[in-house]
Amino acid sequence: MANTPLLKVDNVGIQFGGLKAVSGVNVELYQGELIGLIGPNGAGKTTFFNLLTGVYVPTEGQITFGGEKLNGLAPYQITRKGISRTFQNIRLFGDLSVLDNVKVAYHSLARHSILSSILRLPSHFSGEKEMEEKAIDFLKIFNLDGLKDEAAKNLPYGQQRRLEIARALAAHPKLLLLDEPAAGMNPQETKELMDLIAFIRKEFNLTILLIEHDMPLVMGVCERIYVLDHGQLIAQGSPEDIRNNPKVIEAYLGEEVS
Amino acid sequence: MEIVQQIINGISLGSIYALIALGYTMVYGIIKLINFAHGDVFMVGAFVGFYSITVMGLSFFPALLLAMIICAIFGVLIERIAYKPLRNATRIAALITAIGVSLFIEYGTIYVRGAQPEAYPAGVLPSKSFEILGVTINSQSILILGVSVALMIILQFIVHKTKTGKAMRAVSYDAEAARLMGINVDNTISATFAIGSALAGAAGVIFGIYYVKIEPLMGIIPGLKAFVAAVLGGIGIIPGAMVGGLVLGVVESLVSAVGYSLWRDGVAFVVLILILIFRPSGLFGKNIREKV
Amino acid sequence: MKEVKQKQTKGFWLSILLAVVVYIVVQVLLSSSMLNKFYENTLYFICINIILAVSLHLIIGITGQFSIGHAGFLAVGAYASAIVTMKLHLPFSVALIAGGVVAAFAGLLIGIPSLRLKGDYLAIATLGFGEIIRITLLNIDYVGGASGMQVSHMTDWTTLFVCLLITLIVIVNFTNSTHGRACISVRENEIAADAMGINTTYYKVVAFAIGSFFAGIAGGLYAHNFYIIQPTNFGFLKSFDILIFVVLGGLGSMSGAVISAILLTVISTFLQDYPETRMIIYSLVLVVMMIYRPQGLMGTKEITHFFTKKRNGIKGGKPDGKHTAA
C-alpha cells in the first residue's frame, strides 16, 4: 500500500434543498486497490459517484485526486484528470457503432483541430487513423471487435455492459468507478464480469471503486469495503469485518423488514 | 395616473393571457407537451362567439358558453386524433405534431372562410366609463375581469375538489402509477384538454369583445405569449399561469406606456429568455434535475 | 484500414466529379435559355433551402439541440449582407462572408446562454430569440424598419453552387470526424458524453456557430435573390419551414435533409398560387409523418448507406476482422 492516497475524500457531503443526501463521508483509495461501496437502496451510493465525477458539486468537504482538488470541476475535466465511470442504467451512445462509442472516449486525446478536419488536412487523417487503430485494439481485449460496426443499442444486455466498461477504460482512467456492473446479469455472466474486472485491473494498473448489490460478489473480490447508509459511512474494513459488523447487519436487515 | 391607467389595461390583457396560459400549463403538466395548437383553439373560440352573436343572435353569456363547449369538444378531438397516437413518441415528434396541428387549424380556417378579418359587433356588453380618482375604467373591463376570475375560481374548484381534478393531479404526477391505481388515464387527459380548451374558447370571446378585430391567424401571438406566461409562472402550476399571465399583461402595457409600443411584442420573449436562463422552473416552480 | 481510406477518397472524387457535371449541365441549360425564369427561380430556392436545411441539420440532427428559431440567423445574415452591398458598396462575396460571420456571432451570443437549457425549453428559447431578432429589425430605421430594405439582385447560379458545395463539404467533413462524433455523443446521451471527457458545452456552441454561419450565408443569397427584404420574411413560420426539412428528412440524416428540402421546395413552388392548400398539405404531411414514421424519410441513415449495404450483401459476409495495424 502506497503512503499517499490516490483519491482522498475529506468530509464530503451534498444537500438538495433541505435534504442531506450524503454527508461527512471520508474515503481514501490507494493506487491499485479494488474497493467496494455497498449500502441499502437509497443510501446515497450513486450520489457519491456523482460527487466524485462532478455531476454534482459537493456542498461540503473536499475531494482530492492525485494531489489535485476536484471540487467544482466539470465532469469532462474530471474525466480528463483520470476518473471515469459506468452508469447504473447503461448510458451508451445507442445510435453510434460499437467502435464509435470507444472512439468518443478517445476524443480528449485527439490532437487534430476542427479546422483540420473540415479542410481534411493530413493531421486529420493521421489523427483519425490513430484513434481507429487504438479503438479496434481496445475492442479486441473485450472480444467486441467482431461487433464493431453494430449500433450499440442493438447489442444484447451483457455486451452493452461490457462495452460501457470498455468505453470507460478507453478514456484512460487511473481510477475506474463501476456503478452496479453486475445488475441484471445471470451468475454465469457475473462470473465472466468478475474475471474481466480482475483482468483489466492488472492489465491497466487500475484502481477500482465498485458499487454493487450482489454481496457475495463484493465480498469475494474487494479488498476493502465502505458501507453507506442514509448518506453516511457506517462502516469500513475488510470483507470479514463488514460481514460481522452489527451496524451493517442492522442496515441491511432493516431494509428487508420494511 | 397614466401608470395606473396602463396597469388596469394590462390586467385586462393579462387576464386573457392567463386564461389561455391555463390550458398550456395543464396540458404540459399532464403529458409534457407544448400544445402549439392551443392558440388556435383560442381563435376558434373567438369565431364561434362571433358567429353565435351575429348569426344566431345570442347574447354574451350564451355565446361564451357555446364557445366554451365547442372548444372543449374541439380540444378533445385534437388530442384523440393527433396527440394520442404519440403518447410514447419522442418529445420532438410530439412538438412537431403540435406545430403541424396548429398550422392545419390556421390554414384550414382560412381555406373554409377566407383570411378576411371580422369585427365583433359593439353593444354586446354595456360599455360605460367610470372615473375613479382620475382613472377611467370601462364597465366592459370590469365584466371581463370578473368573468376571468370566476372561471379561474371554477377551475381551482374542479382541480382541487372534484374526482376528475384529483385524477388530473395524479396523472400529472405519475401517469403509470395513476393507471395502476385504477384511474382512466386516457379519459383524464381528455378531460384536461376539454377544460383547457374551454378556457381558451372563453378567452377568445372575451378578446373579441375587448379588441373587436378577429382573424384566422389571431391565435399565434397571444398563444405564444400565453405560453411565456405559463413558463413565467412555472409550467404545470395552475396559480403560476394566472400570475404569469397578469404579470406579462401589465409589463406589456407599461412598455407601451413609456413609448416603446413597437417593442411590445418583443417584451414577452425577452421575459421568456430571462426566466429560462435564470429561473427555468418559473416563479413558482421547483427545480427538478435529471437522475443520473 | 487503407482500404477504407481509399474508398473514402474514391467516394470524395466521385462526388466532386458529379458536382462539376451538375454545375456544367445547369450552366449550359441556363445560358442557352432552355430553363425558363420559373425553373431558374425554383432551382435557386432549392439551393438556398438545402443550405438552410443542412445548417439546421448540424444543430438538431447531429448535436440534438432542438432549435426552432433558425430564421433568426437567416435574417441576421440577410440584413448584414444587404448592408454590406447596399450601404457600404462592397462586393457580393464580401457581403456573403460578412453575413455568415455576423450570423455565427449571433449564434454564439444566443447559444452560450441558452444551451444550458434542454429539450422543450431550449426550443422555446430559440423561438423567442428568433422573434426578438425579427422585432429588433422591425425597430431599426437604418434597415428600413417594417417597410424593409431595398437589395439589388446579385445571386447567380455560380455563387449559389459554390456556397452550396462548400456548405455540404464542411458539414460532411465535420460530421465524419472526432468532432462530429463528439456532437453525436451529446445528442445520444449528454451525461455519458460529459463523463467520457467531451466538453459538451463547447461542442454545442460550435455546432450552433457553424450552423448559424451557413444560415447567414443562405441569408445573403436569399436577400440578393429578391429586390427587397422585410422583417416579416423571417417570422417563425420561416423557422418552421426549415425545421420541417430536417424533420421530414430524418433527424440525423444529411441526405434526408437535402432530399426533403428539394421535394418540399418543388411542391411549394408549384402550390405558390394556393398558399392555403400548401400549408394544409404541409401540416397534414407533418402530422401523419410523425404518427406513422416519426424517424422521417431516411431515419438517421445517409443515402450512401443503401449503396454500401448492397455491396456488402453481394459479398455476403460480415466484415472481416483483419486490419493492418502496422
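General remarks:
- Taking the criterion of being of a type outside the set (Val, Ile, Thr) and surrounded by fewer than 15 Cβ atoms within 10 Å (Cβ to Cβ), the residues of the range B:72-83 that qualify are B:Leu77, B:Arg80.
- The residue pairs whose first member lies in the range B:96-109 and is more than 7 Å from chain C (Cβ to nearest Cβ) and in a helix (DSSP H, G or I), whose second member is basic (Lys, Arg) and surrounded by fewer than 24 Cβ atoms within 10 Å (Cβ to Cβ), and whose beta carbons are closer than 7 Å, counting only pairs six or more residues apart or on different chains, do not exist in this structure.
- Any hit, the range C:184-196, residues being within 11 Å of another protein chain (Cβ to nearest Cβ), in contact (Cβ under 8 Å) with a residue 24 or more places away in the chain, within 30 Å of C:Gln230 (Cα to Cα) and among the acidic types (Asp, Glu): no
- The range A:105-126 - residue that is part of a helix (DSSP H, G or I) and under 27 Å from the mean Cα position of the chain (by Cα) and, of those, nearest to C:Ala182 (Cα to Cα): A:His107
- The residue list B:Met43, B:Met56 contains one member that is touching a residue at least 12 places away in the same chain (Cβ under 8 Å) and either in a loop (DSSP other than H, G, I, E, B) or surrounded by 23 or more Cβ atoms within 10 Å (Cβ to Cβ) (or both), which is B:Met43.
- From the options B:Ser172, B:Ser141, residue that is assigned to a helix (DSSP H, G or I) and under 24 Å from B:Ile30 (Cβ atoms): B:Ser172
- Note on the range B:146-184: residues that are surrounded by 15 or more Cβ atoms within 10 Å (Cβ to Cβ) and either over 23 Å from the mean Cα position of the chain (by Cα) or acidic (Asp, Glu) (or both) total 4.
- Looking across the range C:90-115, the residues that are farther than 27 Å from C:Thr155 by Cβ and in contact (Cβ under 8 Å) with a residue 60 or more places away in the chain come down to C:Gly111, C:Ile112, C:Leu115.
- The one condition in (1) in a helix (DSSP H, G or I); (2) more than 14 Å from every other protein chain (Cβ to nearest Cβ); (3) within 18 Å of the chain's Cα centre (by Cα) that B:Gly223 fails to fulfil: (2)
- Of the strands (runs of 3 or more DSSP E) contained entirely in the range A:146-258, those carrying at least 3 residues that are among the aliphatic types (A, V, I, L, M) and more than 15 Å from the chain's Cα centre (by Cα) fall at A:224-229, A:232-237.
- Test: A:Glu133 is under 30 Å from A:Leu209 (Cα atoms), at the interface with another protein chain (Cβ under 7 Å from one of its Cβ atoms), of a type outside the set (S, T, N, Q) and more than 18 Å from the chain's Cα centre (by Cα): yes
- Criterion violated by A:Val102 - all others in (1) under 16 Å from the mean Cα position of the chain (by Cα); (2) surrounded by fewer than 22 Cβ atoms within 10 Å (Cβ to Cβ); (3) over 25 Å from A:Gly13 (Cα atoms) satisfied: (2)
- Candidate set from the range C:113-123 (those that are modelled with pLDDT under 85 and on the phi < 0 side of the Ramachandran plot); member that is farthest from the other protein chains (Cβ to nearest Cβ): C:Leu115
For (1) closer than 30 Å to B:Val4 by Cβ; (2) surrounded by 14 or more Cβ atoms within 10 Å (Cβ to Cβ), each residue gets a yes or a no:
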position	(1), (2)
B:Val48	no, yes
B:Leu64	yes, yes
B:Ile70	no, yes
B:Asn88	no, no
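The rows are residues; the columns are (1) in contact with an Asp or Glu (Cβ under 8 Å, 6 or more places away or on another chain); (2) over 25 Å from B:Val171 (Cβ atoms); (3) free of Cβ contacts under 8 Å to residues at least 60 places away in the same chain.
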| residue | (1), (2), (3) |
| --- | --- |
| B:Met26 | no, no, no |
| B:Asn35 | no, no, no |
| B:Val48 | no, yes, no |
| B:Tyr51 | no, yes, yes |
| B:Leu65 | no, yes, yes |
| B:Met68 | no, no, no |
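- Residue within the range A:82-99 that is under 19 Å from the mean Cα position of the chain (by Cα), part of a helix (DSSP H, G or I) and facing chain C (nearest Cβ under 7 Å) present: no
- Count of the range C:35-63 residues, restricted to those that are surrounded by 24 or more Cβ atoms within 10 Å (Cβ to Cβ) and in a loop (DSSP other than H, G, I, E, B), is 1.
- Residue list for the range A:110-130, filter: over 24 Å from C:Ala209 (Cβ atoms) and not aromatic (Phe, Trp, Tyr): A:Pro122, A:Ser126, A:Lys129, A:Glu130
- Residue match in the range C:148-167 (condition: within 12 Å of chain A (Cβ to nearest Cβ), under 24 Å from the mean Cα position of the chain (by Cα) and in contact (Cβ under 8 Å) with a residue 12 or more places away in the chain): yes
- Taking the range C:126-141 as the range and being more than 10 Å from every other protein chain (Cβ to nearest Cβ) and touching a residue at least 24 places away in the same chain (Cβ under 8 Å) as the test, only C:Leu137 passes.
- Sub-8 Å Cβ pairs linking a first residue in the range C:265-285 that is within 15 Å of C:Phe240 (Cβ to Cβ) to a second residue that is of a type in the set (S, T, N, Q), at least 6 apart or interchain, are C:Thr265/C:Thr42; C:Thr265/C:Asn49; C:Arg278/C:Ser268; C:Arg278/C:Gln272; C:Tyr282/C:Ser268; C:Ser283/B:Ser102, ordered by first then second residue.
- Count of the range B:266-292 residues, restricted to those that are aliphatic (A, V, I, L, M) and either modelled with pLDDT under 80 or at positive phi (or both), is 2.
- Residues that are touching a Leu at 6+ places or on another chain (Cβ under 6 Å) and small (Gly, Ala, Ser), drawn from the range B:52-72: B:Ser52
- Close Cβ contacts (under 7 Å, 6 or more residues apart or on different chains) running from residues in the range B:196-225 that are under 22 Å from B:Val112 (Cβ atoms) to residues that are among the hydroxyl-bearing types (Ser, Thr, Tyr) and assigned to a helix (DSSP H, G or I) comprise B:Pro216/B:Thr109; B:Pro222/B:Tyr17.
- Every pair of residues 6+ apart whose Cβ atoms lie under 7 Å, when the first sits in the range C:237-253 and is assigned to a helix (DSSP H, G or I) and β-branched (Val, Ile, Thr) while the second is surrounded by fewer than 24 Cβ atoms within 10 Å (Cβ to Cβ) and modelled with pLDDT of 90 or more: C:Ile244/C:Leu264
- Of the residues contained in the range B:238-247, none is found to be more than 14 Å from chain C (Cβ to nearest Cβ) and touching a Cys at 6+ places or on another chain (Cβ under 9 Å).
- Considering (1) within 13 Å of another protein chain (Cβ to nearest Cβ); (2) of a type outside the set (A, V, I, L, M, F, W, C); (3) touching a residue at least 12 places away in the same chain (Cβ under 8 Å); (4) crowded, with 22+ Cβ neighbours inside 10 Å, the lone condition that A:Gly36 does not fulfil carries the number (1).
- Of all positions in the range B:118-130, at least one carries a residue that is surrounded by fewer than 11 Cβ atoms within 10 Å (Cβ to Cβ) and more than 30 Å from B:Val243 (Cβ to Cβ).
The values are calculated or read from the model by the stated rules, or taken from the named source; none is laboratory data. What you see is a predicted model, and the numbers here were worked out from it, not measured in a lab. Methodologically, a virtual Cβ is constructed for each residue, glycine included, from the backbone with ideal geometry; neighbour enumeration extends over all protein chains shown.
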